[in-house]
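I have placed the structure first, in the form of structure tokens, so that the comments after it can refer back to it.
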Amino acid sequence: MAVSRLVASGATSNEVASQLFVSKRTVDAHLRAIFSKLGVTSRRQLRDHPGLAPVASHALPAWLAC
């Protein structure tokens, strides 16, 4: 999940690898699996995927956000 969220936020594979202390090849392998599972073919589609969209703080009442 960390790889997909970082890439969706605009990070490059090298940046993700550096932040997660893994190799770029590992990040790319995870991306291939993520793309396949989500049915997307690009980083832009990943960014726009509804499962990765940030939830607006005003979308839920405060008592449900806990």
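Observations on the model:
- When the stretch 14-33 is limited to residues that are open to solvent by less than 50 Å² (accessible area, probe 1.4 Å) and modelled with pLDDT under 95, the one that is nearest to Gly51 (Cα to Cα) turns out to be Val16.
- Matching residues in the stretch 44-66 - criterion: being under 12 Å from Arg5 (Cβ atoms), outside any loop (DSSP other than H, G, I, E, B) and either open to solvent by 90 Å² or more (accessible area, probe 1.4 Å) or modelled with pLDDT of 95 or more (or both): Arg47
- Subset of the stretch 23-37 (residues that are without any contact (Cβ under 8 Å) to a residue 24 or more places away in the chain and in contact with a helix residue (DSSP H, G or I) (Cβ under 8 Å, 6 or more places away or on another chain)): Ser23, Lys24, Thr26, Asp28, Phe35
The values are calculated or read from the model by the stated rules, or taken from the named source; none is laboratory data. What you see is a predicted model; the values in this text were computed from it and never measured. So basically every Cβ, Gly included, is an ideal-geometry build from the backbone, and we count neighbours across all protein chains shown. The accessibility values were calculated without ligands, DNA or RNA, using every heavy atom of the protein model including side chains. Shrake-Rupley method; radii C 1.70, N 1.55, O 1.52, S 1.80 Å.
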